[in-house]
Amino acid sequence: MTTAHPASPILLATFAALSLTTAGCMPTYAPPPRAAHNVAPDRLERGEAEVTVSANWYLRGTVAASFQVTDEVTLEGGGETGVGPWQLLSGGARLTLLDAHGGRGGSVDLEAGLSGGVGGERCTTDDGDLVNGCEGLDDGLSWSDRFAYGGYLGFGAGYRFRREIQLYARARIEVATATNIPTTTWGSALGGIELAFDPVLLHLAAGWGGYHNSRDHVTGPLVEIGFGFRFDLSS
């Protein structure tokens with residue numbers, strides 16, 4: 001049985017994101033280790049850093065900081081939020097396999113990382129009623145009582161027409177677990193556009209995502225929007 005899955009709007013700084021989702025009657029999931037896809041490939045040059053804020057209604061939001069260590073390696077760290085269902089800290093790296101070096105051309109990267117914190121749901125409904133078979137399965141813990149952790153692996157490809165404009169696509173697989181919740185696999189893919197007006201960078205993308213575990217599964221479209229501020233730390 002499926003019903004429309006209500007979600008709280010995300011208000012991060014000056015923007016909000018919107019998507020439609022479908023969910024099972026008894027939401028059961030460990031939270032995604034990385035909530036938003038964030039940036040296009042080939043975003044920074046060596047010695048540059050940036051802070052980004054990204055959100056989507058479906059997977060919620062991410063605040064992240066990145067530093068380009070070498071031409072190929074970017075280190076990332078940040079916080080993941082579901083505005084209630086989870087609060088996580090994440091850390092990882094991106095490896096640039098193809099780099100347009102800020103000019104016109106294609107770019108490709110791989111990303112991987114881990115996260116940990118609290119969150120998730122186990123056979124509960126938004127209003128807290130034990131219905132649709134949840135009775136006896138709800139363990140009485142709230143999302144903030146559940147230790148959660150996991151990891152992610154992703155891929156990105158883009159084409160930069162000039163330094164200010166890039167079209168890109170990203171895909172990610174994530175595996176997570178939380179207290180009394182079965183291992184949950186998340187998957188998502190999207191495509192979008194990035195606009196750079198130094199030092200501000202904007203991105204907007206749309207795609208599809210969902211999760212699956214032994215008790216529940218969800219799929220639905222998603223829309224993601226975000227902005228970043230780029231800094232040169234090499235001088």
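The values are calculated or read from the model by the stated rules, or taken from the named source; none is laboratory data. Everything numeric here is computed off the predicted structure, so don't read it as measured data. FYI the Cβ positions are ideal-geometry reconstructions off the backbone, even for glycines, and counts take in every protein chain you see. Only protein heavy atoms, including side chains, enter the accessible area calculation; ligands, DNA and RNA are left aside. Shrake-Rupley method; radii C 1.70, N 1.55, O 1.52, S 1.80 Å.
Odds and ends about this structure:
- S214 meets the stated requirement of being open to solvent by 60 Å² or more (accessible area, probe 1.4 Å) and under 25 Å from P27 (Cβ atoms).
- Of the numbered criteria (1) closer than 21 Å to A35 by Cα; (2) in contact with a strand residue (DSSP E or B) (Cβ under 7 Å, 6 or more places away or on another chain); (3) outside any helix (DSSP H, G or I); (4) at pLDDT below 95, the one D126 fails is (2).
- Residue selected from the range 86-105 under the condition farther than 23 Å from G47 by Cβ and open to solvent by 20 Å² or more (accessible area, probe 1.4 Å), by the criterion modelled with the lowest pLDDT: Q87
- Among the conditions (1) in a strand (DSSP E or B); (2) surrounded by fewer than 20 Cβ atoms within 10 Å (Cβ to Cβ), W186 misses just one, which is (2).
- Inter-residue pairs, beta-carbon under 7 Å, first closer than 10 Å to G92 by Cβ and in the range 103-117, second among the aromatic types (F, W, Y), 6+ apart: A112/Y152; G113/Y152; S115/Y149
- Members of the range 143-182 that are over 20 Å from P41 (Cβ atoms) and under 18 Å from the mean Cα position of the chain (by Cα): A148, Y149, G150, G151, V175, A176, T177, A178
- Pairs with Cβ under 6 Å, 6+ apart, first in the range 182-199 and touching a residue at least 60 places away in the same chain (Cβ under 8 Å) and under 27 Å from V218 (Cβ atoms), second of a type in the set (S, T, N, Q) and outside any loop (DSSP other than H, G, I, E, B): T183/T177
- As a summary of the residue check, L18 satisfies the conditions (1) at pLDDT 85 or above; (2) open to solvent by 10 Å² or more (accessible area, probe 1.4 Å) except for the one numbered (1).
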